[in-house]
Amino acid sequence: MKTKYPLVYLEWEDAHASADWFTEEEAESYFYNQYGNTKSVGWLIRENEDWIMLASRLGESIGDTSESFGMLQKIPKTWIIKKVRINLKK
């Protein structure tokens, strides 16, 4: 299937949350020891100066030329550490 959407690899720092209770020292430790370096591969559907929208799944309807998207992610650009375009062999 040919598509107009480029395939990209992203590394990005994700947000964290915890429902636990912490002392001040434990909270400080939690803050400095949580790493959310996330790696994603997907089709770049939309991009502006603030965020990127990736789709992990790309499909087409039977008998239709339109594409459909699954597993959408909207990632703030300030969270992105690395972005690489993946060139697929034809």
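So here's what we get for this one:
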quantity	calculated
Criterion violated by A15 - all others in (1) small (G, A, S); (2) out of contact with any Gly (no Cβ under 9 Å at 6 or more places or on another chain); (3) surrounded by fewer than 11 Cβ atoms within 10 Å (Cβ to Cβ); (4) more than 28 Å from K89 (Cα to Cα) satisfied	(2)
Extreme residue, surrounded by the most Cβ atoms within 10 Å (Cβ to Cβ), among residues of region 24-77 that are among the charged types (D, E, K, R) and at pLDDT below 85	E67
Residue count for region 1-38, restricted to those that are within 25 Å of K83 (Cα to Cα) and of a type outside the set (A, V, I, L, M, F, W, C)	17
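The values are calculated or read from the model by the stated rules, or taken from the named source; none is laboratory data. None of the values given here were measured: they were computed from a predicted structure. Here Cβ is always computed from backbone atoms with ideal geometry, including for glycine, and neighbour counts include all displayed protein chains.
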